[in-house]
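Please see the structure below; I have some questions.
The values are calculated or read from the model by the stated rules, or taken from the named source; none is laboratory data. Note that this is a predicted model, so its numbers are computed, not measured. Using ideal geometry, Cβ is built from the backbone for each residue, glycine included, and neighbour counts are taken over all protein chains shown. For the accessible areas, the whole protein counts, side chains as well, though only heavy atoms, and no ligand, DNA or RNA atoms are used. Shrake-Rupley method; radii C 1.70, N 1.55, O 1.52, S 1.80 Å.
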Amino acid sequence: MAFTLVAASSSLGTLSSGFSSLWSEPHLMLMTAAQALAPPMLAAALASLCWKLNWSRPTWWRILIGLMAGYELARQIGYAEIFLYTVAALSLIVMLVSTVTIARRERTFAVFMTVAILAYGLTVLVITTEGSASGYLRVDLYRYLLALGNLFSASAIFIMLKRQVRTTHNP
């Protein structure tokens, strides 16, 4: 879900900035949803995968609804930005802890996830800077780092799932 939100938001961003301003409001809405939901859902997926939590479908829905309700409450009282930064920071911590706990067994996964976590951490730093960072426009650098983090985290998850399928079919 996390990758789908980011991909859809990026696609609408391309339509908004490249073709027509009619797409700017849907892009903003989907970008906000991606910022609020993608990091914690990815962190929850990694925690579930690394710690073999095997959450049921209702548990995933509870997490999703809780995040949406938390964001709406924070938005209503004027703390939406703080909510987003806090959730992103907590998500990075969960990703880091889950990566460290499985690093001895799954080294390739750990390397890929470490690069992804660094890219996501730098993304947060880019968001908080004003103007430009080292000659790059802040939005462009944000998109590059987010894409790098998504590439490495998706690759890490693929590697982990592939190994799990192999061990399940070849005991």
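Across region 31-56, what is the number of residues that are open to solvent by less than 60 Å² (accessible area, probe 1.4 Å) and closer than 22 Å to residue 157 by Cβ?
Final tally of qualifying residues: 18.
Of the residues that sit in region 65-84 and are without any contact (Cβ under 8 Å) to a residue 40 or more places away in the chain and either within 19 Å of residue 120 (Cα to Cα) or touching a Cys at 6+ places or on another chain (Cβ under 6 Å) (or both), which one is surrounded by the fewest Cβ atoms within 10 Å (Cβ to Cβ)?
82
Let me spell it out: the conditions are (1) surrounded by fewer than 16 Cβ atoms within 10 Å (Cβ to Cβ); (2) touching a Phe, Trp or Tyr at 6+ places or on another chain (Cβ under 7 Å), and residue 105 meets all of them except one. Which number is the exception?
Of (1) surrounded by fewer than 16 Cβ atoms within 10 Å (Cβ to Cβ); (2) touching a Phe, Trp or Tyr at 6+ places or on another chain (Cβ under 7 Å), only one is false for residue 105: (2).
Count, please, the residues in region 56-91 that happen to be under 15 Å from residue 45 (Cβ atoms), more than 17 Å from the chain's Cα centre (by Cα) and either of a type in the set (Ser, Thr, Tyr) or in a loop (DSSP other than H, G, I, E, B) (or both).
2
Follow-up. Of the residues 12, 5, which single one is over 25 Å from residue 60 (Cα atoms), surrounded by 14 or more Cβ atoms within 10 Å (Cβ to Cβ), modelled with pLDDT under 75 and out of contact with any Cys (no Cβ under 8 Å at 6 or more places or on another chain)?
Every option except 12 fails the conditions.
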